[in-house]
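Scroll down for the structure; my scribbles are underneath it.
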Amino acid sequence: MRAPTVAPATDLAPRVFSREVSDFGVPNGREEEWRFAPVRKLAAFFEPADWGTVGLSGKHEACVEFVPITDPRLSQSWMPTDRPSAIARARATHAVLITIANEAIHTSPILVNLANSGSSNYLHVEVHAGAFSKAQVVLMHDTSSDVSGSMLAIVGDQADLTMLSVIDAEAAVTQHLHWFTEVGRDANFLGLSITLGGGVIRFVPTVTYSAPGGKAQMFGAFLLTGDQFQEHRILVDHTQPHCTSNVIYKGALSGEGAHSVWIGDVLVRREAVGIETYELNRNLLLTDGPRADSVPNLELETGDVVGAGHASATGRFDDEQLFYLQSRGIPEPIARQLVVRGFFVDVLNKIDDAELSSSLMRRIESKLGIEDHE
């Protein structure tokens, strides 16, 4: 008889934590966490299969390894929270492990090029940032085929970790990814998610804290054109006192049938006194036809907080901004480019590497059909 692996629910929106696939039912779309998702298009991720495992492409720094899933250095405490992530953890044969030693300072970004090994793949990536370390990790996802899996960031005490995930997918690609982050004492974490296109992309970032004083920032920019679907379902679980969180996600949608979903859940537990949290979602509709669902949720189990708030808005391309720029002699194509740049600038400016930030902006503009006039 196997030992129980399901953690008891402790909040008003109970979640199952388990590595046993059988502990999760097959989603049918009527569950709260799946009600927006196209479950029929994700059905292949709900049953175990003989898929490949995402590995590495090209040369990498010594701190980046491709290790067996049984490697004892991998997190033993992390538990999947839904059926696809439990299947991916159980079926993946290897993992990408990035280890930043205690007190190590990486002045240049650690670039990790992920490589798929088949038509469908399982993914498991872990970033371990040691105490007092500082580093930037850039994950360039292989979007040549379907992927289901998880990324973990374990941020040690007083460490400073920036982690950037870049997905630039075509309409034929389906991906389901979890991103779990644990922030240590007085540590700083900046998570950046850039998701450009994809037939169906479901991204589930989760942040929790292992000690007081942690700071987490989650910034995202996403783009949909044509008949594409993206869901970004964020959970910030404040479990420790005197921590902060800041979530900003911005999306642009263009074309009939484009559908984005942003769910921002912040849970402040009873013991998490003195915290400060804020979440923001903005959606820009560039044409007629797209749909953007935005649902911020804030659950407070204590009133002893420094600040807590959220905001959400969805609107059309601002014709007044275009008119103002054109009235100053700026041609319409350049005016549109400037408006889009201004919309995404506070997210992309968080990327310290100017070349990478400019490259991502050019990708966004190219997908929107905006010519570079620089």
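Some values worked out for this structure:
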{"quantity": "The stretch 318-374 - Debye-derived log10 I(q)/I(0), Cα point model, q = 0.21, 0.27 Å⁻¹", "calculated": "-0.80, -1.09"}
{"quantity": "For the stretch 100-134 versus the stretch 257-314, the gap between their alpha-carbon centres in whole angstrom", "calculated": "28"}
{"quantity": "Residue with peak Gaussian network fluctuation, the chain [Cα springs, cutoff 10 Å], from His60, His238, His178", "calculated": "His60"}
{"quantity": "Mean Cα-pair separation over length for the chain, i.e. relative contact order, pairs under 8 Å, 6 or more apart, %", "calculated": "9"}
{"quantity": "Kirkwood Rh and Cα Rg combined as Rg/Rh, the chain", "calculated": "0.96"}
{"quantity": "Cβ-derived FRET efficiency at R0 51 Å, Ala311 paired with Asp71, nearest 0.05", "calculated": "0.75"}
{"quantity": "From phi via Karplus (6.51, -1.76, 1.60), per-residue ³J(HN,Hα) for the stretch 226-232 in Hz, x at Gly/Pro", "calculated": "x, 7, 10, 10, 9, 10, 10"}
{"quantity": "Highest-fluctuation residue, Val268, Val183, Val339 considered, GNM on the chain with Cα pairs under 10 Å", "calculated": "Val339"}
{"quantity": "Paramagnetic label zone (point 7 Å from Cα along Cα-to-C-beta, Phe17; backbone N under 12 Å) in the stretch 72-107", "calculated": "76-81"}
{"quantity": "Reachable lysines, given that their alpha-carbon falls under 17 Å from the alpha-carbon of Lys250 and they are not under 8 places away in the same chain", "calculated": "Lys350, Lys367"}
{"quantity": "Distance (nanometres) between label positions extended 7 Å along Cα→Cβ at Ala43 and Ser359", "calculated": "3.9"}
{"quantity": "Computed lengthening from Ser119 to Asn349, 0.36 nm per intervening residue step minus Cα-Cα distance", "calculated": "79.3 nm"}
{"quantity": "Degrees between helix 354-367 axis and first principal axis of the chain (Cα, 0 to 90, nearest 10)", "calculated": "60"}
{"quantity": "For Ile110, residues with placed amide H under 5 Å, excluding near neighbours", "calculated": "Gln136, Val137, Val138"}
{"quantity": "Equivalent ellipsoid semi-axes - Cα gyration tensor, the stretch 187-340, angstrom", "calculated": "34, 17, 13"}
{"quantity": "Backbone HN-Hα couplings from phi across the stretch 321-328 [Karplus 6.51/-1.76/1.60, Hz, Gly and Pro as x]", "calculated": "4, 4, 4, 4, 5, 5, 5, 9"}
{"quantity": "Karplus (6.51, -1.76, 1.60) ³J(HN,Hα), θ = phi - 60°, over the stretch 298-308, in Hz, Gly and Pro reported as x", "calculated": "10, 10, 10, 9, 9, x, 8, 10, 6, x, 7"}
{"quantity": "Calculated FRET efficiency for the pair Leu298/Gln321, C-beta based, R₀ 30 Å, to 0.05", "calculated": "0.45"}
{"quantity": "Proximal aspartates and glutamates to Lys215, defined as alpha-carbon separation beneath 13 angstrom and excluding residues fewer than eight positions away on the same chain", "calculated": "Asp157, Asp160, Glu182, Asp186, Asp237, Glu276"}
{"quantity": "Distance from the stretch 52-89 to the stretch 205-237 (C-alpha centre basis), Å", "calculated": "20"}
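Values quoted throughout were computed directly from the atomic coordinates according to the rules given, and no laboratory measurement underlies them. Here the structure is a predicted model, which means the values were calculated and not measured. Don't worry about glycine lacking a Cβ; one is built from the backbone with ideal geometry, like all the others, and counts go over all protein chains shown.
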